[in-house]
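Quick notes on the structure that follows.
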Amino acid sequence: MNLPQVFESYKEYIVPSYSKTPFVFVKGKGSYLWDIRGKKYLDFFPGWGVGSVGHCHPKVMTAVRDQLKKLIFVPNNYYTIAQAKLARELNFWAGFACKVFFCNSGAEANEAAIKLSRKFGQGRYEIITFENAFHGRTLATIAATGQKKYQQGFEPMPEGFKSVPFNDIDTVKKAFTDKTVAVMLELVQGEGGINVADKGFVTQLRKFCDERKLLMIIDEVQTGIGRTGKMFAWQHYGVVPDIFTVAKALGGGFPIGVMLSRSEIADCLGPGMHASTFGGGAVISRAALAVLQSIQKEKLLGNTQKMGAYLFERLHQLASRCTRIKEVRGMGLMWGIELTQEGKAIVEECSKQGLLINCTHDTVLRLMPALNVSKKQIDNALKILENALRG
Ligand SMILES: Cc1ncc(COP(=O)(O)O)c(C=O)c1O
């Protein structure tokens, strides 16, 4: 297929629900992508948060190839060694007794968390969520997503979600009723513009949940698997969630979603109450295990902390030279650069110069490089970003 044929096929045959950038990528390795013309790009937003270990990590490829030779898939009414190992490994990283439900995406993991909370609540069903959150695109998860733009045109929304301002414990307390069963939040709101939860707020929220017997659900779909410098973002906050969800980066490019819940809560879901045909299939589980092993063996949490601090320092310096930057915020290797103008043109200019970044919430440039990014790659990215901001 040549380039015009690719674009034509998309126009004719694919639902136009994505705004697209006209690049056709054919190869990836580490922090780099190559397009069909052979042009090389430095990818500082790999896979919308998927690229924890970079493109085509050799350990992930080896594990998947090995599994493909043996068994691709059996459904969840049977057992596989790969799924059992992955559940154990996730439990180890969580550091508390929890049980895992496997599915295929972040939205599904959050759906599972919502359903489990309702089952646990025995009639209590309301979930307090936060403005500018993002929890996925299914009906329940857009209802949980406190942003009208994702809901418009799809009403009526499923009932039972109350959205309140982020980082404000008083409004949480006011939203509480005898029907409330849970609060659900991201510790760094990704799609909402890289808004970091205050430590004091999270501590107070945990206390409030304990007092009122509410479940604390933390959505780690974007922040999980090392992105913030710890395996899960809640590990920075000195609190333990009752339920948390992970997806994106766990599969190293393969689709996976996971809901983890304190064991006694998880046991509310008995046989037949929730399911996913493909969830935690053998190939995907092997890929996820390889990702977790690579993070440990290659000391990627340490690299994320080190490179994250370096990236922040460089961004901070850039902000002091560039009046178009209003604020830099984030954690680990998850950074938002709030501009005084819309960011779309800057993203386009960066991509022309061979750097892929993202813009969210209209004015916030988002950088989330692979956890194995190097200092040299950060320097190169910053050079291009500064050029684009000057232009
Ligand atoms: C925090 C958060 N939750 C949930 C989702 C939905 O994940 P998925 O697109 O895999 O359904 C996303 C996707 O960007 C996300 O960032």
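Mind checking which aspartates and glutamates have their C-alpha under 14 Å from K40, skipping anything on the same chain fewer than 8 residues away? Within the straight-line cut-off, K40 pairs with nothing.
With the Kirkwood sum run over all distinct C-alpha pairs, the range 91-137 has a hydrodynamic radius of 12.5 Å.
Think of the chain as having a plus end and a minus end, set by charges on the Cβ of Lys, Arg, Asp and Glu; of A144, I256, Q83, Q83 sits farthest toward the positive end of this dipole. Just checking the listed ones, Y78, Y237, Y41: in the Gaussian network model of the chain with Cα springs under 10 Å, the one fluctuating most is Y78.
What is the range 1-73 by shape, rounded, prolate or oblate, if you read a ≥ b ≥ c off the alpha carbon gyration tensor as root eigenvalues and call it rounded for a/c under 1.5, prolate for a/b larger than b/c, and oblate otherwise?
Note, shape of the range 1-73 comes out prolate.
Max-minus-min Cα coordinates of the range 37-195 on each principal axis give 54, 45, 33 Å, with the largest extent listed first.
Compute the orientation-averaged projected area for the range 144-220 from the convex hull of its Cα atoms and round it to one decimal in nm².
One quarter of the hull surface, i.e. the mean projection, equals 5.4 nm².
Phi-derived couplings, Karplus 6.51 cos²θ - 1.76 cosθ + 1.60 at θ = phi - 60°, listed residue by residue for the range 8-19: 4, 4, 4, 4, 7, 10, 10, 4, x, 8, 10, 7 Hz, with x used for Gly and Pro.
Seen through its C-alpha gyration tensor, with square-root eigenvalues sorted a ≥ b ≥ c, the range 169-278 comes out oblate because a/c lies at 1.5 or above while a/b is not bigger than b/c.
Sequentially through the range 354-362, phi angles give Karplus couplings (6.51, -1.76, 1.60; θ = phi - 60°) of x, 10, 9, 10, 10, 10, 10, 6, 6 Hz, Gly and Pro residues having no value and appearing as x. Building the convex hull from the alpha-carbon atoms of the chain and averaging its projection over directions returns 19.9 nm². Backbone phi angles across the range 22-33, fed through the Karplus curve with coefficients 6.51, -1.76 and 1.60 (θ = phi - 60°), yield HN-Hα couplings of x, 10, 10, 8, 10, 8, x, 7, x, 8, 10, 10 Hz in residue order; Gly and Pro are listed as x. Relative to the Cα centre, the charge distribution of the chain, modelled as +1 at Lys and Arg Cβ and -1 at Asp and Glu Cβ, gives a dipole magnitude of about 1080 debye.
Each Lys and Arg adds +1 at its Cβ and each Asp and Glu adds -1 at its Cβ; summed about the Cα centre, the range 299-391 shows a dipole of about 320 debye. Under 5 Å between amide hydrogens, built in the peptide plane, is the criterion, and for G280 it picks out C103, G257 among residues at least 5 positions away or on other chains. Can you find, among G330, S320, N372, the residue farthest towards the positive end of the dipole of the range 299-391? Put +1 on the C-beta of Lys and Arg, -1 on that of Asp and Glu. Most positive-ward Cα: N372.
Give K174/K248; K29/K248; K39/K59; K27/K383; K207/K326; K119/K248 a once-over and call out the pairs whose C-alpha atoms are over 29 Å from each other.
Long pairs (Cα-Cα over 29 Å): K174/K248; K207/K326.
Once you sort the root eigenvalues of the Cα gyration tensor of the range 211-256 as a ≥ b ≥ c, which label holds: rounded (a/c under 1.5), prolate (a/b larger than b/c) or oblate (the other case)? Here the range 211-256 falls in the oblate category. Dividing the alpha-carbon radius of gyration of the range 299-391 by the rule-of-thumb value 2.2 N^0.38 Å gives 1.00. Of interest is the spacing of the C-alpha centroids, which for the range 264-343 and the range 139-184 amounts to 24 Å.
Considering the range 23-125, its Cα convex hull presents a mean projected area of 10.0 nm².
Under the Kirkwood approximation for Rh and a Cα-based Rg, what ratio Rg/Rh is obtained for the range 232-369? Don't skip to the answer; put the middle values down first.
Working: Rg = 19.1 Å, Rh = 18.0 Å.
With Rg and the Kirkwood Rh in hand, the quotient comes to 1.06.
Just so you know, all these numbers are worked out from the coordinates, no wet-lab data involved. Computed from a predicted structure; not experimentally measured. When we count neighbours, we look across all protein chains shown, and the Cβ atoms used for this are built from the backbone with ideal geometry, even at glycine.
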